[in-house]
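Written out below as structure tokens is the structure these notes cover.
The values are calculated or read from the model by the stated rules, or taken from the named source; none is laboratory data. Remember, it's a predicted structure, so these values are computed and weren't measured experimentally. In this analysis, Cβ positions are derived from the backbone assuming ideal geometry, glycine residues included, and neighbour counts consider all displayed protein chains.
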Amino acid sequence: MPEPYTQSTTMEKLEFATATESGQRAYNDDAVAVYRASGSELRYRGSLAAIADGVGSAEAGGAAARAAVSGFISDYYSTPDSWSVNQAAARVLHALNGWLYRQSGGADEVQRGWLTTFSAVVLKGATAHLIHIGDSRIYRLRDGRLECLTRDHSRTLGPGRTFLSRALGMDAHIEVDYRQEPLETGDLFCVTTDGIHDFVPQPLFAQILSEHSLESTRPLITAALENGSKDNLSVALCRVNALESPETDDLMLATRQLPFPPPLQAGNRIDGFEVLQELHASSRSYLYLVRDMETDALRALKAPSENFVDDPTYIERFIAEEWTGRRLDHPGVVKIFPPKKDRRFLYHVMEYVEGQNLRQWMQLNPEPALDQVRNMVQQLVSALRRLQRLEIVHGDLKPENIMVDNSGRLKLIDLGGAHAAGLEELLRYQDSAPPGSKNYCAPEYFISDAASHRSDIFSLGIICYEMLTGEYPYKERFGSSQYRLKNYASLRYISACQRREDLPEWVDGALRRACAPDPQYRYPALSEMVHDLGTPNKKFISRNKAPLMERNPLLFWQLIALLLLLSHLLHFL
């Protein structure tokens with residue numbers, strides 16, 4: 001019998017080992033691999049161990065398993081930093097599944113298809129991310145106790161007879177299990193194919209891992225063969241010797257300890273920038289127009305407010321704005337430049353946009369033409385699409401955060417409220433407060449529901465409504481105290497046609513849907529919103545009009561008062 005192929009990779013905090021052999025079969029349809037990440041890959045994607053077991057009844061099972069493991073590792077580490085582990089893995093596996101499904105020719109050829117299980121454990125920071133489809137398994141040995149962390153996607157037909165209910169390449173659409181587990185020093189993760197775990201009783205399994213740790217590959221294979229395994233046998237092991245700190249991002253480490261700059265005035269110099277004037281000041285930050293003394297280019301320098309010098313959550317979010325901005329490259333989003341090597345203070349440098357913000361533009365352009373507003377919305381949609389592709393939710397869309405330059409082009413200028421799932425996994429402090437203004441921020445922020453790209457669609461709908469009417473579609477909320485919202489139904493939309501009579505009913509219908517309080521009733525895609533703002537939607541034209549009380553509350557109550565008066569007069573007559 002041939003010796004199993006083994007690989008051992010040692011790193012300071014993690015150790016890996018793998019083994020695979022064909023057993024009593026002529027061909028090995030399993031695939032196993034580990035990937036030791038370093039640098040930015042380690043920070044944003046972690047290291048991993050993966051196994052795939054090609055379905056034996058499918059002619060191309062082995063090829064499918066090898067394609068799944070190699071394709072996942074290659075594509076997973078090519079995903080944007082802004083994606084979370086879950087998002088990156090799901091996107092990659094859905095693409096791989098589509099390719100495998102097409103290779104097999106679709107559902108009619110499933111028996112000859114490219115079918116394989118897939119299980120991977122990704123170790124990032126202090127968290128294990130488990131990704132699983134099929135009947136391979138992921139185990140964890142902790143303090144001598146062995147626990148299976150995955151659930152087999154298989155069904156029993158009878159004694160010794162099972163079939164897979166889920167596998168890569170089986171269907172055009174797949175459901176992949178995802179789970180997070182906190183890591184502890186000393187954890188040993190074990191990923192196996194059914195050729196091993198179906199033939200090694202769990203007590204013996206735990207004993208072998210406890211006694212041999214990373215040297216368990218040969219004993220596990222031997223035990224499975226002695227107990228009658230006739231399948232391929234594969235195993236991947238990972239031992240956690242020490243935990244990676246979640247705050248390993250180079251930008252975070254380099255800037256978290258920097259002091260806040262002092263309040264700046266025209267003529268001051270800071271790290272090679274000359275301050276020309278103060279552009280904006282608030283309780284949270286300062287914005288200055290500066291000149292790069294090396295290139296003579298004009299830039300905008302954003303500095304944190306000294307009010308938050310002892311607030312670690314604020315400091316981390318300020319740094320996160322630079323992290324997010326440097327990953328965006330779009331003409332509709334302000335460009336944030338990499339910091340100079342000799343930076344001595346906490347701030348970030350952006351392109352300078354000469355013009356006015358959208359609030360000022362609206363004050364100078366009351367009731368603009370519908371076509372002009374459509375054009376401006378389309379520009380914002382283009383920028384938001386770029387954010388969506390990187391799985392970034394802006395979170396703080398409002399007129400003050402949108403610049404209109406001297407050529408009429410719009411640009412998002414503030415990313416302080418942006419949420420990138422990949423970044424959230426690196427942050428030590430989680431801020432539960434809504435990121436934006438209570439009149440523009442989506443209602444889900446105020447009732448603890450998850451934010452999504454539909455949250456930005458809500459804010460965009462509010463801005464579009466306000467550009468056309470000069471008002472909000474809901475009752476304006478005043479004050480600086482924390483805004484509370486009990487449920488979505490408490491928000492009552494005010495028809496845009498009531499505020500501006502020349503607006504078509506179908507435009508109001510599009511705005512109503514974009515601003516729907518409940519995210520499930522909003523547009524699922526920006527393209528649909530743009531289409532309905534430019535082309536009459538029959539659903540909005542033919543639908544029944546909103547109740548009079550909603551369209552014109554004053555007229556409604558006047559009619560009620562008139563009816564009451566008439567009823568009293570009739571009574572006396």
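Out of the residues in segment 314-328 meeting the condition of being in contact with a strand residue (DSSP E or B) (Cβ under 6 Å, 6 or more places away or on another chain) and within 13 Å of SER82 (Cα to Cα), tell me which one is surrounded by the fewest Cβ atoms within 10 Å (Cβ to Cβ). Among those that are in contact with a strand residue (DSSP E or B) (Cβ under 6 Å, 6 or more places away or on another chain) and within 13 Å of SER82 (Cα to Cα), it is ARG326. Considering segment 46-93, the residues that are part of a helix (DSSP H, G or I) and of a type in the set (Phe, Trp, Tyr) include one that is nearest to GLU12 (Cα to Cα), namely TYR76. Remark: GLN372 matches the filter, which requires a residue to be over 30 Å from ALA90 (Cα atoms) and free of Cβ contacts under 8 Å to residues at least 12 places away in the same chain. For segment 249-261, check the following and say yes or no: at least one residue is assigned to a strand (DSSP E or B), more than 20 Å from LEU415 (Cβ to Cβ) and modelled with pLDDT of 90 or more. No, every residue in segment 249-261 fails to be assigned to a strand (DSSP E or B), more than 20 Å from LEU415 (Cβ to Cβ) and modelled with pLDDT of 90 or more. For segment 43-61, residues that are under 27 Å from the mean Cα position of the chain (by Cα) and modelled with pLDDT of 90 or more total 8.
Can you name the residue in segment 440-466 that is in a helix (DSSP H, G or I) and touching an Asp or Glu at 6+ places or on another chain (Cβ under 9 Å) and is also surrounded by the most Cβ atoms within 10 Å (Cβ to Cβ) among such residues? The selected residue is TYR465. The helices (runs of 4 or more DSSP H) found wholly in segment 321-431 and carrying at least 1 residues that are of a type in the set (Phe, Trp, Tyr) and either closer than 20 Å to PHE458 by Cα or not assigned by TED's automatic domain parsing to the domain that holds LEU42 (or both) occupy 358-364.
Assessment of segment 61-68 against the conditions (out of contact with any helix residue (DSSP H, G or I) (no Cβ under 9 Å at 6 or more places or on another chain), of a type in the set (Gly, Ala, Ser) and more than 26 Å from TYR27 (Cβ to Cβ)) yields no matching residue.
The helices (runs of 4 or more DSSP H) located wholly in segment 490-545 that include 3 or more residues which are touching a helix residue (DSSP H, G or I) at 6+ places or on another chain (Cβ under 8 Å) and buried (at least 20 other Cβ atoms within 10 Å of the Cβ) occupy 505-514, 526-534. In segment 114-128, the condition of being in contact with a strand residue (DSSP E or B) (Cβ under 6 Å, 6 or more places away or on another chain), at pLDDT below 95 and either in the same structural domain as LEU387 (by TED's automatic domain parsing) or under 30 Å from ARG386 (Cβ atoms) (or both) is met by at least one residue.
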